[in-house]
Amino acid sequence: MDGHGSVQVRLFGALHSWASERGAPTALEVEVPEEGLVARELARRASLPLELIEGVFVDGRVHGADHVIFPGQRVAFVPKGTPGPHRVFLGLWDAGKRGSWT
């Protein structure tokens, strides 16, 4: 094996709009080393605007910028600006305190 795999990445909300306006895909596959990659670096490799990201869902659970992502996982980046109660309910408020995206 070459020591790499990939993850499926999806974009939500304003990130989806941001990509669509540029003619970029809103769902993509990104190569990740076997030892994993922090979410912030995955977003960089996908050329996403870090200043727009608040959290990342990995296999259905929300995490912050420093969460390590491994090949085969499903990832969805969530933008800043999610309405108040949803931020708390989904865990984005707490995830935002776990590492800076920029």
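Would it be correct to say that residue 11 is touching a strand residue (DSSP E or B) at 6+ places or on another chain (Cβ under 9 Å) and under 16 Å from residue 79 (Cβ atoms)? Steps first, please.
Numbers: touching a strand residue (DSSP E or B) at 6+ places or on another chain (Cβ under 9 Å): yes; under 16 Å from residue 79 (Cβ atoms): yes.
For residue 11, the condition - touching a strand residue (DSSP E or B) at 6+ places or on another chain (Cβ under 9 Å) and under 16 Å from residue 79 (Cβ atoms) - is met.
Based on this model, can you work out whether residue 78 counts as modelled with pLDDT of 95 or more, open to solvent by less than 60 Å² (accessible area, probe 1.4 Å) and not small (Gly, Ala, Ser)? Criteria not met by residue 78. Within the stretch 26-63, being in a loop (DSSP other than H, G, I, E, B), within 16 Å of residue 12 (Cβ to Cβ) and open to solvent by less than 50 Å² (accessible area, probe 1.4 Å) holds for 26, 46, 48, 49. When the stretch 1-25 is filtered for residues that are exposed (fewer than 15 other Cβ atoms within 10 Å of the Cβ) and either acidic (Asp, Glu) or assigned to a helix (DSSP H, G or I) (or both), the ones remaining, listed by number, are 2, 17, 20, 21. Scanning the stretch 32-74 for residues that are more than 20 Å from residue 20 (Cβ to Cβ) and among the aromatic types (Phe, Trp, Tyr) yields one hit, 70.
The values are calculated or read from the model by the stated rules, or taken from the named source; none is laboratory data. Since this is a predicted model, take the numbers as computed values, not measurements. Neighbour counts are summed over all protein chains in view; Cβ atoms, including those assigned to glycine, are modelled from backbone coordinates with ideal geometry. Each accessible area value is taken on the protein alone, full model and side chains, heavy atoms only, with ligands, DNA and RNA left out. Shrake-Rupley method; radii C 1.70, N 1.55, O 1.52, S 1.80 Å.
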